[in-house]
Amino acid sequence: MTNSAPSVNGSILRTEKIVYQGQALARDSRFVVFVDNALPDETVRVHIYKKKKNFAFARVVEILEPSPDRVEPDCPWAGDCGGCTFRHAAYAAQLRYKKDNLIEALHGLPGARELIRDVVPAPDINDYRNKMVFTFGTSPDGELLLGLHRRGSYRHILPADVCKLQSEASREIVRRVVALANELGVPAFHDKRQPNGLRTLTIREARGTGQRLVELLSTVPDDDLAAGLVNTLDDLADTITFALCTNLQGPPRPERRAILKGTGTIEEVMNGMRFLIDPDTFFQSNTIQAEALFSRLRELAASSGRPEVALDLFAGTGPIALQLAAVAKRVIGVESFAPSVEAARQNIARNRINNVDMLAADLNKVRPEGLPARVDLVVVDPPRPGLTPKTIEWMLDLAPAAILYVSCNPAALARDLKLLVNGGYQLDTIEPFDLFPHTYHIETLVRLSRADATDAAARPAT
Ligand SMILES: C[S@@+](CC[C@H](N)C(=O)[O-])C[C@H]1O[C@@H](n2cnc3c(N)ncnc32)[C@H](O)[C@@H]1O
């Protein structure tokens, strides 16, 4: 049997399992094929759209034997849209796939498998996102589109007026903005053909207060459009901003903005605490499920007694630091993005918390100045690339009794946990949470404690 790529489109394959990013793995002789929109244990006819030396990417053209987990998707763009990966799978099966992926990612860590709990399901599997960024585009027949990118495509946009990741109010905002742009004849930006045009629409919706922020990003100012936005979204948006991006290369980023209505910010409530949200700063995009994750984090932080000093690294606008305020004597949040540091400080004041401080520092380099010599608990919630070896090195030097790791990337988590375990920590519990139903994303909360801690109390009562 040769190790060559399946060359004939229309191959019939039997799928085995879901791999990270949601494709189903199948084998054609000894050749691996990653199949979009297939589920484990299905027999499918595929079309191969990309071939490499030892593997290929394919899409399903016919399902010959469906999985019992397969369901009829409730979105017309399911399978094509880059927003959802699993709309064709029952929710219980989605949770199983995510747990299996986590088990696979952590398979090199002795003892990890036994510690991985079932994924905590999301209470709402639709309308759960509090932030969406939609892109403007143009259909082949010239129609203005506003929505999400077709999977794997930079140019093709699928209309978001039916997108179930957001609320009905958000869908209605999309409809009205498209109608307004059509009425005024404002085109979508195109990097080759239309330099003056609309780029993105950001909608942020605070689930605890019901407040909404809408930001339109364009390459050119437009007074008529600005006035029309305020008028058409009057009952749906508490604040509206018009941002400009004159750099036509690369991803659209606001360079400056005008506030058309309100303050340019909204207020969210999470676990009883109030947070300022603006168009730029990171905030957990599933408020309800982030509440569950952070409640559990607070429990685990307190499970071996009250920390004297706790660090919240990659603190963003401070939600974890504010959770820790209730269980630690002193909390220090560290974050590099200046607007988030400023928002975190406002959030600390807004909630009348007096045992939390924020430091501005890049955590990937040296240990930030101003940290106390003794730290009992370190919480990390890094972006997708995870921690750098340098960060892990100075964390190990701090030698906290416990570390809590919040991860959005199982591969980076596996790599970092290995270094922490080699550095003298042991895994206590691994708890995945589903913050993003219908997508392959998984959030994982891990507790580690110093393996040489003789005090039994240093181990959590999980
Ligand atoms: C996944 S978010 C978590 C934020 C916060 N914990 C929360 O739940 O809202 C990661 C945060 O790390 C920050 N960040 C990214 N790279 C950083 C670095 N090198 N040093 C410090 N902070 C960084 C980002 O600005 C972002 O706020």
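The values are calculated or read from the model by the stated rules, or taken from the named source; none is laboratory data. Treat the numbers as computed from the prediction; the structure is a model and nothing was measured. A quick note on method: Cβ atoms are made from the backbone with ideal geometry, for glycine too, and the neighbour counts reach across all protein chains shown. Ligands, DNA and RNA are stripped out before the accessible areas are found, and what is left, the full protein with its side chains, is counted by its heavy atoms. Shrake-Rupley method; radii C 1.70, N 1.55, O 1.52, S 1.80 Å.
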Among (1) outside the structural domain of Ile392 (by TED's automatic domain parsing); (2) in a strand (DSSP E or B), the one test that Ile332 misses: (1)
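For Arg212, state whether it is open to solvent by 40 Å² or more (accessible area, probe 1.4 Å) and within 15 Å of Met132 (Cβ to Cβ).
yes
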Leu300, sole failed condition from (1) over 23 Å from Arg207 (Cβ atoms); (2) part of a strand (DSSP E or B): (2)
Region 305-320 - residue that is touching a helix residue (DSSP H, G or I) at 6+ places or on another chain (Cβ under 7 Å) and within 14 Å of the ligand (Cβ to nearest atom) and, of those, nearest to Ser449 (Cα to Cα): Ala310
Residue satisfying condition, being under 22 Å from Arg352 (Cα atoms) and out of contact with any Leu (no Cβ under 8 Å at 6 or more places or on another chain), within set Leu322, Leu248, Leu236, Leu297: Leu322
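Name every residue in region 323-344 that is farther than 22 Å from Leu398 by Cβ and within 14 Å of the ligand (Cβ to nearest atom), in order of residue number.
Within region 323-344, the first condition is being farther than 22 Å from Leu398 by Cβ, and the residues that meet it are 326, 337-340, 342-343.
Of everything in region 323-344, those that are farther than 22 Å from Leu398 by Cβ and within 14 Å of the ligand (Cβ to nearest atom) turn out to be Phe337, Ala338, Pro339, Ser340, Glu342, Ala343.
Within region 281-297, which residues are near the ligand (Cβ under 10 Å from one of its atoms) and not β-branched (Val, Ile, Thr)? Steps first, answer last, please.
Pass one, region 281-297, residues near the ligand (Cβ under 10 Å from one of its atoms): 281-285, 290, 293-294, 297.
Listed by number, the residues that qualify are Phe282, Phe283, Gln284, Ser285, Ala290, Leu293, Phe294, Leu297.
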Close pairs (6 angstrom Cβ cut-off, 6 or more residues apart or separate chains): over 14 Å from Glu443 (Cα atoms) in region 291-304, open to solvent by 30 Å² or more (accessible area, probe 1.4 Å) and among the hydrophobic types (A, V, I, L, M, F, W, C) anywhere: Ser303/Ala461; Ser304/Ala457
Filtered residues of region 396-426 (kept if surrounded by 17 or more Cβ atoms within 10 Å (Cβ to Cβ), within 16 Å of the ligand (Cβ to nearest atom) and of a type in the set (Gly, Ala, Ser)): Ser407, Ala412
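What about Glu335, is it over 22 Å from the mean Cα position of the chain (by Cα), among the charged types (D, E, K, R), more than 19 Å from Val269 (Cβ to Cβ) and open to solvent by 10 Å² or more (accessible area, probe 1.4 Å)? Step through it out loud before you land on a result.
On the way: over 22 Å from the mean Cα position of the chain (by Cα): no; among the charged types (D, E, K, R): yes; more than 19 Å from Val269 (Cβ to Cβ): yes; open to solvent by 10 Å² or more (accessible area, probe 1.4 Å): yes.
Answer is no for this residue.
From the list Arg151, Arg96, Arg155, Arg87, exactly one residue is surrounded by 15 or more Cβ atoms within 10 Å (Cβ to Cβ), under 30 Å from Lys50 (Cα atoms), at pLDDT below 95 and of a type in the set (D, E, K, R). Which is it?
Arg151
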Search result, residues across region 221-261 that are open to solvent by less than 80 Å² (accessible area, probe 1.4 Å) and in a helix (DSSP H, G or I): Leu225, Ala226, Ala227, Gly228, Leu229, Val230, Thr232
Close pairs (7 angstrom Cβ cut-off, 6 or more residues apart or separate chains): closer than 18 Å to Asp238 by Cα and acidic (Asp, Glu) in region 276-287, open to solvent by 10 Å² or more (accessible area, probe 1.4 Å) and assigned to a loop (DSSP other than H, G, I, E, B) anywhere: Asp278/Thr265
Unmet criterion (only one of (1) within 13 Å of the ligand (Cβ to nearest atom); (2) open to solvent by 10 Å² or more (accessible area, probe 1.4 Å)) for Pro389: (1)
Close pairs (6 angstrom Cβ cut-off, 6 or more residues apart or separate chains): in contact (Cβ under 8 Å) with a residue 40 or more places away in the chain in region 309-330, open to solvent by 20 Å² or more (accessible area, probe 1.4 Å) and assigned to a helix (DSSP H, G or I) anywhere: Gln323/Arg298
Out of Arg367, Arg374, Arg345, Arg352, sole residue that is among the charged types (D, E, K, R), farther than 23 Å from Phe283 by Cα and free of Cβ contacts under 8 Å to residues at least 40 places away in the same chain: Arg367
Which numbered condition Asp118 misses (of (1) modelled with pLDDT of 95 or more; (2) in the same structural domain as Leu184 (by TED's automatic domain parsing); (3) open to solvent by 20 Å² or more (accessible area, probe 1.4 Å)): (2)
Failed item in (1) under 22 Å from Val162 (Cα atoms); (2) open to solvent by 40 Å² or more (accessible area, probe 1.4 Å); (3) free of Cβ contacts under 8 Å to residues at least 60 places away in the same chain, with Pro76 passing the rest: (3)
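Can we say Asp141 is farther than 17 Å from His441 by Cβ and either basic (Lys, Arg) or open to solvent by 40 Å² or more (accessible area, probe 1.4 Å) (or both)? Please lay out each step first, then the result.
Working: farther than 17 Å from His441 by Cβ: yes; either basic (Lys, Arg) or open to solvent by 40 Å² or more (accessible area, probe 1.4 Å) (or both): yes.
Yes; evaluated as a whole, the condition is true for this residue.
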